[in-house]
Amino acid sequence: MLKRFFKKGLIEAGCDEAGRGCLAGPVFAASVILPEGFRHTLLNDSKQVTEEDRNKLRPIIERKAIAWAVAMVDHEEIDRINILKASFKAMHLAIDQLATRPDLLLIDGHMFSPYFGIVHQCVIQGDAIYTAIAAASILAKTHRDEYMLRMHEEYPHYGWNDNKGYGTAHHRRQINEHGISPYHRKTFGICNEFAAKEQLAASDVPA
């Protein structure tokens, strides 16, 4: 059973991200402040919840939360500043938007870039421990999935409606066949190789 708070009496905001390990698309983050008594039988780490149940949970969390916000950092900025900094920035942007200021930030994972004026607590696998982090994981994941479905309409061959930008076998095969799209992260794995080839080819074009 998920824990409802880290320290009783504080306004706690759970924070989590989605899309950190993808080859394409932005990283999303969510921050959620839940009522103290909030519980739901389906709520868990988003990776342990089916897509159908995540989509059921999203409107419930958004309706019942004291405050919630979702933010994103796009693929170009990820390439500029790296995915770790981009993940922290997305969390900061989500916290910026909260209508209620929390006393404590509960961060999923073991690292975080401090948010000025609010103390934080990192919790390894926190999305499977605290309700607020689990709720944030659901919102980050569902909002990002929705975004990737829209991107899929523009580039359907990569299968983003299914893999959401992660490096599945199908996604990698399509990159090998079609190259990378404008939405791929050029500093990530196989995309890095193709970006280098494109840059080399462009440098060989006569002026």
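Points worth noting:
- Once the chain from Glu62 to Asp162 is taken as fully extended at 0.36 nm per residue, the excess over their C-alpha distance is 33.5 nm.
- Region 109-185: C-alpha gyration tensor shape, a/c 1.5 cut-off, then a/b vs b/c: prolate
- Karplus (6.51, -1.76, 1.60) ³J(HN,Hα), θ = phi - 60°, over region 30-44, in Hz, Gly and Pro reported as x: 10, 10, 9, 10, 9, x, 4, x, 5, 9, 8, 5, 7, 5, 6
- Straight-line cross-link reach from Lys197 at under 16 Å between alpha-carbon atoms covers these aspartates and glutamates, not counting any fewer than eight positions away in the same chain: Glu177.
- Asn82 paired with Arg173, simple spin-label distance in nm, labels 7 Å along Cα-to-beta-carbon: 3.4
- Net +/- balance of residues flanking Ile95 in space, Cβ distance below 15 Å, scoring K and R +1, D and E -1: -4
- Exposed loop positions in the chain were taken to be trypsin sites (Lys or Arg not before Pro) whose DSSP state is not H, G, I, E or B and which have at most 12 other beta-carbon atoms within 10 angstrom. Between these positions, the longest stretch is 40-207.
- Annotation: for a label point projected 7 angstrom from Cα along Cα→Cβ of Asp103, residues of region 1-36 with backbone N closer than 13 Å are 5-13, 36.
- Ile11 paired with Cys122, simple spin-label distance in nm, labels 7 Å along Cα-to-beta-carbon: 2.6
- Label point distance in nm, Glu153-Asp74, each placed 7 Å from Cα along Cα→Cβ: 1.8
- 27 Å Cα-Cα reach of Lys89 towards lysines, excluding residues that sit fewer than 8 places from it in its own chain: Lys3, Lys7, Lys47, Lys64, Lys141, Lys164, Lys186
- Asp96 accessible area, assembled protein chains, probe 1.4 Å, Å²: 90
- Taking every DSSP bridge with both residues inside the chain, close to 60 percent are antiparallel.
- Close amide-amide hydrogen proximity is noted between Tyr130 and Lys3, each under 5 Å apart and 5 or more residues distant or on a separate chain (H modeled in the peptide plane; Pro and chain starts excluded).
- Region 45-124 shape via C-alpha gyration tensor axes, a/c threshold 1.5: oblate
- Taking every C-alpha pair closer than 8 Å and separated by at least 6 residues, the mean separation divided by the residue count of the chain gives a relative contact order of 30 percent.
- Residues whose amide H falls under 5 Å from that of Ala67, counting only those 5 or more places apart or on a different chain, are Ile33, with hydrogens built in the peptide plane.
- A helix-only calculation puts the chain at -13500 deg cm²/dmol for mean residue ellipticity at 222 nm, using -39500 (n - 2.57) for each DSSP H run of at least four residues, averaged over all residues.
The values are calculated or read from the model by the stated rules, or taken from the named source; none is laboratory data. Everything numeric here is computed off the predicted structure, so don't read it as measured data. Ideal geometry is used to build each Cβ from the backbone, glycine not excepted, and the neighbour counts take in all protein chains shown. Side chains are part of the model used for accessible areas, which takes the heavy atoms of the whole protein and leaves out ligands, DNA and RNA. Shrake-Rupley method; radii C 1.70, N 1.55, O 1.52, S 1.80 Å.
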